[in-house]
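The structure appears right after this line, and notes come after that.
The values are calculated or read from the model by the stated rules, or taken from the named source; none is laboratory data. The structure presented is a predicted model; accordingly, all values stated were derived computationally and were not measured. We place every Cβ from the backbone using ideal geometry, glycine too, and count neighbours over all the protein chains shown.
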Amino acid sequence: MNNYLSELTIVIVTYKTNFEILNNCLQSIDPKVKILIVENSKKFENEDKVKNKFSNIKVLCTGSNLGMGVANNFGLSKVETKYALILNPDVICKKDFFENINIYLDRKVDFTVIGSQYDDSSDYKPAFFFNDKVFDYNMEMDENFLQKVDWVVGCSILIDLEKFKSNEIFDQKYFLFYEETDLCLGLKKKGYQVYSSKKLKINHLGAKGSLEDNESNIKFIKIRNWHLMWSTFYYYKKNYNYIYALGKSIGPLIRSIFKSFFYLIFFKKKEFIKYVYRSFGLICSIVGMRSWYRLE
């Protein structure tokens, strides 16, 4: 098989990411592939460590935390190759990932975006549908090992940049969550097909890409839940209408407010914070406020 990896640039957005996690990701990438790290702050603390270990990396700092979609747009605007692979820093590419990705880089396969799939042992789904259909790893695939889906998870997405008129691929109003869902829905509306590849296998730690994220981190709980609900309402309002979005949101809002009081009474701090910030984010989105909440 011919090697077309020179046609590919990987964009990895970080935000004070744990070095060990990032290092594991970088070590899983073929050294022939160009890598662009976009640090979502003023300074990438691990720049010397990374550049001493890897010669194929360029680092850019955004100057502030722009969020996932905007930071990826920033990185994509600097890419000079035909193809880009958006990769979360807590993703590890399987051994044959870059041998297999050549299938899609030879300009013979027509695609706009291709999502990766998890290791067979994973309980998570790599792709979804907008109706009630459930993704199945055994679904029909074509001769290029591609399965037609409606949207793919954003931790690892191969993009043909020539299919886009600008590098603003993701809606800049999102800070966190729903960027890839919104992107895929927009592509489907324009008549493009979204694919998931059985040949592009990854392991994804999940929620470990910034600030050494974990569920015990109060800052992480706040920002994750605020933006989950803000983005949910905005996604439905943008792609359907305000009334539809409101109908989808009233139930979650009532439940979040009720659970806030419930966990306050029983002194469950983390659960209380989770649902307070869910309520707060959803209310802000309903009244039309921008996605403003950031870490202190």
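Quick notes on this structure:
- Scanning segment 1-34 for residues that are among the aliphatic types (A, V, I, L, M) and either in contact (Cβ under 8 Å) with a residue 60 or more places away in the chain or touching a Leu at 6+ places or on another chain (Cβ under 7 Å) (or both) yields M1, L5, L8, I10, V11, I12, V13, I21, L22, I29, V33.
- Any hit, segment 83-91, residues being surrounded by fewer than 19 Cβ atoms within 10 Å (Cβ to Cβ) and among the hydrophobic types (A, V, I, L, M, F, W, C): no
- Of all residues in segment 17-68, those being among the aliphatic types (A, V, I, L, M) and under 21 Å from E179 (Cα atoms) number 5.
- Picking from residues in segment 126-142 that are part of a loop (DSSP other than H, G, I, E, B) and in contact (Cβ under 8 Å) with a residue 40 or more places away in the chain, the one that is surrounded by the most Cβ atoms within 10 Å (Cβ to Cβ) is P126.
- Within segment 230-246, tally of residues that are in contact (Cβ under 8 Å) with a residue 60 or more places away in the chain and of a type in the set (S, T, N, Q): 1
- Residue among T62, T112 that is of a type in the set (S, T, Y), buried (at least 17 other Cβ atoms within 10 Å of the Cβ), in the same structural domain as T17 (by TED's automatic domain parsing) and more than 19 Å from Y195 (Cα to Cα): T62
- Entirely in segment 179-296, the helices (runs of 4 or more DSSP H) that have 2 or more residues that are within 30 Å of D110 (Cβ to Cβ) and in contact with a strand residue (DSSP E or B) (Cβ under 9 Å, 6 or more places away or on another chain): 179-189
- Some residue of segment 168-183 being surrounded by fewer than 18 Cβ atoms within 10 Å (Cβ to Cβ), without any contact (Cβ under 8 Å) to a residue 60 or more places away in the chain and not assigned by TED's automatic domain parsing to the domain that holds N239: no
- Qualifying residues in segment 145-169 (those that are among the polar types (S, T, N, Q) and assigned to a loop (DSSP other than H, G, I, E, B)) - the one nearest to K198 (Cα to Cα): N167
- Being buried (at least 19 other Cβ atoms within 10 Å of the Cβ) and among the polar types (S, T, N, Q) holds for only one residue in N102, N52, N56, N72, and it is N72.
- Residue count for segment 217-255, restricted to those that are within 26 Å of G186 (Cα to Cα), among the β-branched types (V, I, T) and more than 23 Å from the chain's Cα centre (by Cα): 2
- Flag for S216 being modelled with pLDDT under 95, polar (S, T, N, Q) and within 28 Å of I21 (Cα to Cα): yes
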